[in-house]
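Below: the structure, in structure tokens.
The values are calculated or read from the model by the stated rules, or taken from the named source; none is laboratory data. All values reported here derive from a predicted model rather than from experimental measurement. Positions of Cβ are backbone-derived with ideal geometry, glycine not excepted, and every protein chain shown enters the neighbour counts.
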Amino acid sequence: MGSTKRIGQRTIQFADPPSVVATASIVGPKEGEGPLADSFDKIIQDTYYGEKSWEKAESKMLAEAVNMSIKKAGLTPGDVDYLFAGDLLNQTISANYAARQLSMPFFGLYGACSTMYEGIILAAILIDGGYAERVAAATSSHHDTAERQYRYPTEMGTQRPMTAQWTVTGAGAMLLGKSGPGPKITHATVGKVVDQGVKDPSDMGSAMAPAAADTIITHLQDTGRSPEYYDLIVTGDLANIGKALTEQLAQQQNIDLSGNYTDCGVLIYDPSQDVHAGGSGCACSAVVTCSYLLEEMIAGKYKRILGLGTGALMSPLSSQQGESIPGIGHAVVFEMM
Amino acid sequence: MGTNEGGLLDKQFQKAKQQAEQQKYQQMVQSVKPKQTWLKNAIAAFMVGGAITAFAQVIQNILQAVGLAQKEAGTTTLVIMIFLGAFFTGLGIYDNLGKFAGAGSIVPITGFANSIVSPALEYKREGFVYGVAAKMFTIAGPVLVYGFLISVIIGLIAFFFQ
């Protein structure tokens, strides 16, 4: 009986697919000037969001996004059984401090920029397993908190290489339940850590692309599907360079992604916004999935989406010690039924 | 014994295979990466770096014209340029200049001021001791350490060979 919930190497097939009940997305000013501006629930104009530090602002956005998704569903925080949340900061403080305020049973996650999809998979498992009625998955990132932790002080006059990506300021939350108006989560393919030896921390798209391609290829093998089964295959934050590499890696396995494949880091900004390769950060896949992608599904444009959260699992310390950057990609199938 | 050797060989083979695979991927990455705009960057650095230093020369000339000795005028010019670097960092302008000019605005002493003031500003929220004071030299510190080291070495060379 248990075996029917798992197919192939590492794909979960939900017996009773959980549904998206509601989603919420909050973004910063730069994302609010981007091509997806109309899809976001809230655009904040001040990167401090009325707080004393960027870290506090990030945590506030995260808590607000969770509350907003619960409110949209017409529920109260007491109706949500568990919260999965994480972010990029040391000891995932944005999520921890948001959870302090939210007062829900809480699992803290770290999957770098793949955290949203990691949370969605775990939330869906809890619901399908009968351990919960409703579970929220949420994540956040902030351009300035990420810059000061991973790179240079924000006022430092440096040139970013063309491969660099821009960390998305924002927070996304997805509330999942046994039934709901949104698409159902039918399958998930859990990513393996893949490292092809990329060492440049300002080129994370290249570091993550092999992991994303590996998960996409495995997912298609496990389910016996071809890319055309999906109206859209979308990765989290590979941006222009990582997207091109993922297409090439899939092509080497005779899988043609050219027709229906895109990336949240490509979608979220306009090339004129001077973000170089594109967007990145936990919020990149979170806000695009929780706004534009699901909106288009409910509107009927897409019926089936294969979404991937992609993460670069390094730290400033590992980069300084000369380690290469391990990548991961978690895939989730959203289907309108 | 024989199986162990076989296992070792197999391990080496796997490692070589993995390395070859990684190398192949690195080549793929290189072919996809956008080319660095060396010429454009060099021209921007030359123009901005030149403008900053020419401006400093104008100040020094004025100071000498109003009666300061060359050495005093030089020191005063440095102080003024450091102040301006710090001032424009505080106004949030210097990072935009740096984005355009690269080395052109990093190499002059204004860039050194920027590298000290920007972390000092950034870490004010973490307190004046462990924030501002401790983080102030995270970027400039290595420059100072190796600057001193090189000057000591050059001093020794001069001492022994002059």
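Is there a residue being at pLDDT below 95 and facing chain B (nearest Cβ under 9 Å) anywhere in segment A:170-191? Within segment A:170-191, not a single residue is at pLDDT below 95 and facing chain B (nearest Cβ under 9 Å). For segment A:141-150, check the following and say yes or no: at least one residue is more than 30 Å from A:M68 (Cα to Cα), touching an Asp or Glu at 6+ places or on another chain (Cβ under 6 Å) and outside the structural domain of A:I255 (by TED's automatic domain parsing). Within segment A:141-150 (the criterion being more than 30 Å from A:M68 (Cα to Cα), touching an Asp or Glu at 6+ places or on another chain (Cβ under 6 Å) and outside the structural domain of A:I255 (by TED's automatic domain parsing)), the answer is no, since none of the residues qualifies. Scanning segment A:303-325 for residues that are surrounded by fewer than 21 Cβ atoms within 10 Å (Cβ to Cβ) and either part of a loop (DSSP other than H, G, I, E, B) or in contact with a strand residue (DSSP E or B) (Cβ under 6 Å, 6 or more places away or on another chain) (or both) turns up A:K303, A:R304, A:L313, A:S315, A:Q321, A:G322, A:E323, A:S324. For A:F106, the conditions (1) of a type in the set (A, V, I, L, M, F, W, C); (2) out of contact with any strand residue (DSSP E or B) (no Cβ under 8 Å at 6 or more places or on another chain); (3) surrounded by fewer than 21 Cβ atoms within 10 Å (Cβ to Cβ) all hold with the exception of (2).
Name the residues in segment A:120-178 that are crowded, with 20+ Cβ neighbours inside 10 Å and among the hydroxyl-bearing types (S, T, Y), would you? Correct list: A:T139, A:S140, A:S141, A:T145, A:T163, A:T167, A:T169.
When the helices (runs of 4 or more DSSP H) confined to segment B:71-162 are screened for residues that are of a type in the set (S, T, N, Q) and facing chain A (nearest Cβ under 8 Å), those reaching at least 3 such residues are found at B:109-122.
Of all residues in segment A:237-294, those satisfying the criterion of being assigned to a loop (DSSP other than H, G, I, E, B), over 24 Å from A:D87 (Cα atoms), more than 14 Å from chain B (Cβ to nearest Cβ) and touching a helix residue (DSSP H, G or I) at 6+ places or on another chain (Cβ under 9 Å) are A:I255, A:D256, A:L257, A:S258, A:G259, A:N260. Checked against the criterion of being touching a helix residue (DSSP H, G or I) at 6+ places or on another chain (Cβ under 8 Å) and either hydroxyl-bearing (S, T, Y) or over 19 Å from A:P153 (Cβ atoms) (or both), segment B:117-131 contains one or more residues that satisfy it. Taken across segment A:205-222, residues that are within 14 Å of chain B (Cβ to nearest Cβ) and part of a loop (DSSP other than H, G, I, E, B) do not occur at all. Of the listed requirements (1) surrounded by fewer than 19 Cβ atoms within 10 Å (Cβ to Cβ); (2) under 15 Å from A:G327 (Cβ atoms); (3) more than 12 Å from chain B (Cβ to nearest Cβ), A:D200 misses just one: (3). Among the residues of segment B:122-141, write down those that are surrounded by fewer than 21 Cβ atoms within 10 Å (Cβ to Cβ), within 17 Å of B:G85 (Cβ to Cβ) and more than 13 Å from the chain's Cα centre (by Cα). Result: B:M136, single match.
Of everything in segment B:79-109 that's aromatic (F, W, Y) and over 25 Å from A:P161 (Cβ atoms), which residue is surrounded by the most Cβ atoms within 10 Å (Cβ to Cβ)? Result: B:F87. Does A:T186 meet the test of being in a strand (DSSP E or B), touching a residue at least 12 places away in the same chain (Cβ under 8 Å) and closer than 18 Å to A:T47 by Cα? Criteria not met by A:T186. Quick one: in segment B:52-70, of everything that is exposed (fewer than 14 other Cβ atoms within 10 Å of the Cβ) and outside any helix (DSSP H, G or I), which residue is nearest to the chain's Cα centre (by Cα)? The extreme case among them is B:A69. Filter segment A:1-53 down to residues that are assigned to a loop (DSSP other than H, G, I, E, B) and of a type in the set (D, E, K, R) and give me whichever is nearest to the chain's Cα centre (by Cα). Here the answer is A:D41.
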